[in-house]
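Here's the structure we're looking at; comments come further down.
Read the figures in this text as sums done on the coordinates, not as results from a lab. Keep in mind that what you see is a predicted model, and the values were worked out from it rather than measured. Don't worry about glycine lacking a Cβ; one is built from the backbone with ideal geometry, like all the others, and counts go over all protein chains shown.
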Ligand SMILES: Nc1ncnc2c1ncn2[C@@H]1O[C@H](COP(=O)(O)OP(=O)(O)OP(=O)(O)O)[C@@H](O)[C@H]1O
Ligand SMILES: Nc1ncnc2c1ncn2[C@@H]1O[C@H](COP(=O)(O)OP(=O)(O)OP(=O)(O)O)[C@@H](O)[C@H]1O
Ligand SMILES: [Mg+2]
Ligand SMILES: [Mg+2]
């Protein structure tokens, strides 16, 4: 079986800085994989290249049989990759429901003309969007906040909403950038369960960046480790935990759960 | 020969734009406010200088200093009264307020003295130096030197002095600057004072050079300074200088080619082209937002 | 279907207002002077709402709206005066050409942001104006004389259709896409929004209706001259949108109405009018920096107990 | 050293702190833990003068500092390492550090402290000319701490210094916190990472929706079931 | 016109306005905005005239009520101001805007409401006469029309100065300057002269060096510079600085004491203007006006002041000549039949196109003083 995502020799340069180079990775359908590494290693940058925010200066990204390197972000999303952001980027002045609807946009069919003239297809399309978006909110326990502006949500709920929004774009591959940042141990624990649940429910493949080793080691099947823009290790949590290179660059000492 | 003459014409026009743009970009760079009232402070400077020279019979340098001081005070008052409350508001709200302040200054002046123009008294008998048949006015050379000097001075203030560092800190993150012990209000006031003093000086020099001043004289130079500042890269002091000179030369060249009516249009076309190629101005770093 | 009911409710209300005013005009109860003021109001409302879709909804900082107004005014005037077309055709052609100009201006917006975009749009508007100054076919600086054809009916339906289209647009997935660009362009892009397309669409719709306003303007004031379309005019339109509350359609409508009235009233105080006007501007911005209505719609103030509500 | 008496803080109409009282003694590391939105950052901002309490008082070294402007509070010896680092991104590392010493005029002292900060954070020395916006998260956090130390504070208050940092870096940061404390600086530390925070702190407070709900020695709290359930993952 | 206009004129104002307790004269002027200084000048001149007339007992014992409205230099506001004056204030006559464009915007309204309007400085022919040759019944003016002054200047250049190779430097944003330039060009070419170069500028410019350098390169022996004193003052100065010594000439737009201050007396030597009158003219009428103006405003009058002043006297003269009820329609008839009315800006008769037929004066600047050179009859 061929992989859902394969990345070959990926690299990007900002001015003189090679932020990422020679990255090779693959993901099979349904895998949950971790991407870890010290601050500034190039994890988020890798995400940015996978989602089209940055165009790689080198290398190849194959997703679902197509090359997507350098494609516009919205096209990548429509191919089936969606993401959350390290620093939350919700549409602050939009309601919680509308945030999800925006991501649902690509799935709707009613066109500009039908909306402007309020043709039946507009009403039908909008109704369908509303139903689908509400369904996502329910899963995340956000339906009580549906009309609240996103900026007024508590932090933890904002993180959840980001994930809900990403899911509404109907991805095959979901990229999560530090979903547990700023959460305490209990909240992190809840989040782990949530990730496991949506993965099953939506038959997702997930790549996640996280510094919380409890989370990464707890749920990831495989882990890639980046340092200074290069992959330094790749393996099961157990392998990674005892990999001397990773310990030196990242973990500091062997992590015991 | 004529072409060299035109180039000289362009540079002297451009150095006036640069002079106004320097103060503009300074305020712009620090508090990110499109201060449309800058052109009007420039106008006030021109009038203060005029009254000082023509009515109170001051000498030109005293008049210049008086205009700078009064403009600095006016700039600080404007900031304290009209802009301070809006620091946390959207920038567009501040822009509208700036437009309001601009109108207020213009029409208050008209209210008190009418809208007719005033002619600056001749303070220097301008000599023309002739080099290979090209006429260069000594005043133009003086203005260019003043602009360059001020650019260097501003650059020094902003990058090397303590107050300059405070200004930059405030511009990036006012709350974090507070935590460094920086008095944000005073720093912003200092920025306005310097910017407005420069505008005042530019007003006096403009009056001496072009003779005519009137209550609406600040509008066009204000816009041109805005263009020059953006062209050079917002908040970048040498950028304002280059932007101003560039604008002056473009305008003059277009006129020289016989398209004087298309002059402003040509300036805008070039501006837009440059921005499309360099979306952050000539000197601006085209940094992609880090996601 | 509740939403469509509300929609028809507003539509009927609007038509009733139209009919009453038209009746009073026909009876001579509303004199020429007020009729003219109503038309001016309508023109300003169309301008405000059409800029609202660019700035308020899509977040593109455009300060050259008078350029589109000029295109609509001149093109429609050419249609009626030079080619003898009917007014209604002229309005349409003026609007379409303005929309094309909007497409053109929309293109740099794909690369420029914030103040850089602002200065580019201002530049475009000035270029358009200077083109008219230098075109002898339309009278150059002296301007083009235009017959008076605008009436309350044209003005009203101009406003009606503008608001209808723009509010329908805003309250659909397309409008939401635009709002998401305003809120966070990178996130919008990442959620699958074709930001390029929607930015250009917003410019095109906005400039189309500015063109409509231009046509009505040209045929109401007997003559059009390039000086009427300078950046100060653009600022006036910008002021409607910001004063009403960025992102609020009803806010920009209310601001356009209020400021038209204020401006007409101040005609009698020539020495102080601009001072008073500027003080009003400054004070409103100081005490309501988010504009009169903030980003809310007027309808939100009538819905008690229900938060957020639908955006009109 | 620092004594907070019954303060209320509002954002507009929203009350973020409700009658908070706490104390920090000279030489201590005191930590403040609590869920998201509990009001931890608000409390720190109030101490450093970015916010003003509506009611109550804050005493520092025997004199009231509530309502005083931030710059005079910095001057009296309190340094605040803000949440999210807030480094001046378009300025170099060294300029950031110089700004930390903005209120000081003892050139030699500043030079010495700069050398000391570089000693604590050798990484910053390597990067001293680099624009701080291009530093990695951990490096920025070091810079933020270094910058605060440049003011030569008696009390340093830190807002979630470990947020978003790699495990190695988290350890590093906590080591430095202990080191700084050993050098005689009192520390008030806000943390999500309750485990780590409690392991370096002497005393701790737990904040929930704007109120102090628990207080005690770090050890006590670490062992308290309540805390374990809510903040330490309940394992 | 369609719907609107008809309903307006069929309303109460169908037969024009009548006089009540006082005689209402409106003024629809640019008192703020881009050309606020022109409108304000006309307004000042008009107010002086009104004060004088009211002080001497008004018209047949009735005082004049002067109602100025600001049109902000915008056509839209000019339109609404005209409607307001005609329909709401019910004036018997009104001063029309200072610029031709804004005046044109109000002509239809004057016609529809049958209220005469008089512009002091709207010089474009199409204010009073439409392009199809029909006359706008209710539009009048006290100033020259553009072609007249341009022709006079061209003839003067050929005949008196012997100009052969001329340059034109015109304000292209102003229909006034463009109109003058066009007729000047036509006449000078007919006289056998050559226009070696045409350069243009835009009002509010301050730097003309580039165009002047171009002009200088073409070596003209005469330069025609139609425009207003604000720019012309600087142009003359910069021209002399650039080493251009040939005669320069302009029109009534140059007339202002500010011109001399702006250009400097030396630079103005060897320059000429066409004007309605000379403020140095010993004629009592003119000297009284100059003195009265100086007393009231402590400054010397410019052409706008004089034209505003005369416009009021022009209207008042017509009102005085009305037999029976003073209605705006009656005033229109009298305005149209004005003959040999002697005013500050000359003695004139209104022709069939509602333009004043009056002679132009050519003045020369000598050491900062206007000196009478010659008089040209139309
Ligand atoms: N737009 C950009 N311009 C310049 N440099 C950049 C840009 N984006 C990222 N970098 C640099 O690339 C490197 C990798 O950054 P990246 O954000 O990918 O790190 P990361 O692994 O996600 O770290 P963290 O765990 O702190 O989030 C850093 O040195 C960063 O400064
Ligand atoms: N600027 C603000 N305006 C309005 N409300 C605010 C503002 N800042 C914070 N709040 C509110 O005040 C409360 C306390 O916020 P605070 O930032 O102090 O929490 P925290 O404990 O530091 O949380 P975190 O762990 O997320 O940093 C929250 O409910 C928050 O929503
Ligand atoms: Mg990252
Ligand atoms: Mg916090």
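DSSP assigns beta bridges within region A:171-257; of those with both partners inside it, close to 50 percent run antiparallel.
The alpha carbon centroids of region B:254-287 and region D:90-147 are separated by 40 Å. Sorted largest first, the spans of the alpha carbon positions of region B:37-104 along the three principal axes are 45, 17, 13 Å. If both residues of a DSSP beta bridge must be in the protein assembly as shown, then about 50% of such bridges are antiparallel. Look at the Cα gyration tensor of chain B: its axes a ≥ b ≥ c give a/c of at least 1.5 with a/b at or below b/c, and that counts as oblate. The tail of the calculated P(r) for chain A beyond 26 Å holds 42 percent of all Cα-Cα pairs. Let's test the formula: R0 of 35 Å, r as the Cβ-Cβ distance of residue D:217 and residue D:111. What FRET efficiency results, to the nearest 0.05? Step by step, r from the Cβ atoms, then E = 0.35. The simple Förster model, with R0 at 45 Å and r as the Cβ-Cβ distance, assigns residue D:129 and residue C:299 a FRET efficiency of 0.20. By the helix-only formula, in which each DSSP H run with n ≥ 4 contributes -39500 (n - 2.57) and the sum is divided by residues, the protein assembly as shown has a 222 nm mean residue ellipticity of -16500 deg cm²/dmol. The value of relative contact order for region A:162-257, using C-alpha pairs under 8 Å at least six residues apart, is 21 percent.
Considering only beta bridges that DSSP places wholly inside region D:104-227, some 55 percent are antiparallel.
With Cα atoms defining each centre, region C:158-182 and region D:17-47 are spaced 46 Å apart in the structure.
All Cα-Cα distances of region B:197-291, cut into 10 Å bins from zero to the largest, leave 15, 40, 33, 10, 2, 0 percent in each bin in turn. As a proxy for reagent exposure, ranking D:86, E:321 by other Cβ atoms within 10 Å from fewest up yields E:321, D:86. Which parts of region E:85-103 would a label at residue C:27 reach, counting a residue when its backbone N lies under 16 Å from a point 7 Å out along Cα-to-Cβ? Taking a point 7 Å out along Cα→Cβ of residue C:27, no residue of region E:85-103 has its backbone N under 16 Å. Mean-square fluctuation check for chain C, GNM, Cα pairs under 10 Å: which of C:299, C:153, C:58 is largest? Of C:299, C:153, C:58, the Gaussian network model singles out C:299 as fluctuating most.
Would you work out if region B:145-272 is rounded, prolate or oblate? Take a ≥ b ≥ c from the square roots of the eigenvalues of the alpha-carbon gyration tensor; rounded if a/c is under 1.5, else prolate when a/b is larger than b/c, oblate otherwise. Here region B:145-272 falls in the prolate category. Taking the fewest neighbouring Cβ atoms within 10 Å as the starting point, the ordered list for D:225, D:106 is D:225, D:106.
Within the listed set C:45, C:91, C:181, the Gaussian network model of chain C (springs between alpha-carbon atoms below 10 Å) gives the highest mean-square fluctuation for C:181. The value of relative contact order for region C:153-312, using C-alpha pairs under 8 Å at least six residues apart, is 21 percent. With chain A treated as a Gaussian network of Cα nodes joined by springs under 10 Å, which of A:85, A:136, A:14 yields the largest mean-square fluctuation? Most flexible of the set in this elastic network: A:14.
Based on every Cα atom in region E:279-371, Rg and the maximum pairwise Cα distance Dmax equal 15.4, 53 Å.
Rg over Rh for the protein assembly as shown works out to 1.02, both radii taken from alpha-carbon positions and Rh defined as the Kirkwood radius.
Each of A:83, B:168, B:91 has some number of other Cβ atoms within 10 Å of its Cβ, and from fewest to most they run B:91, B:168, A:83. Given R0 = 51 Å, the distance between the Cβ atoms of residue C:265 and residue E:204 translates into a calculated FRET efficiency of 0.95.
Against chain E, whose longest principal axis is taken from its Cα atoms, helix E:229-241 shows a tilt of about 0°.
Take every pair of alpha-carbon atoms less than 8 Å apart whose residues are at least six positions apart; their mean separation over the length of chain A yields a relative contact order of 26 percent. Principal-axis analysis of the Cα atoms of chain E puts helix E:303-321 at an angle of about 30° to the longest axis.
Under the shape rule built on the C-alpha gyration tensor, where the axes satisfy a ≥ b ≥ c, region C:120-218 is oblate, since a/c reaches at least 1.5 while a/b does not exceed b/c.
Between residue C:137 and residue E:371, the modelled label-to-label distance comes to 5.1 nm, taking each label 7 Å out from Cα in the direction of the beta carbon. Rounded to the nearest 10 degrees, the inclination of helix D:167-182 to the longest alpha-carbon principal axis of chain D is 90 degrees.
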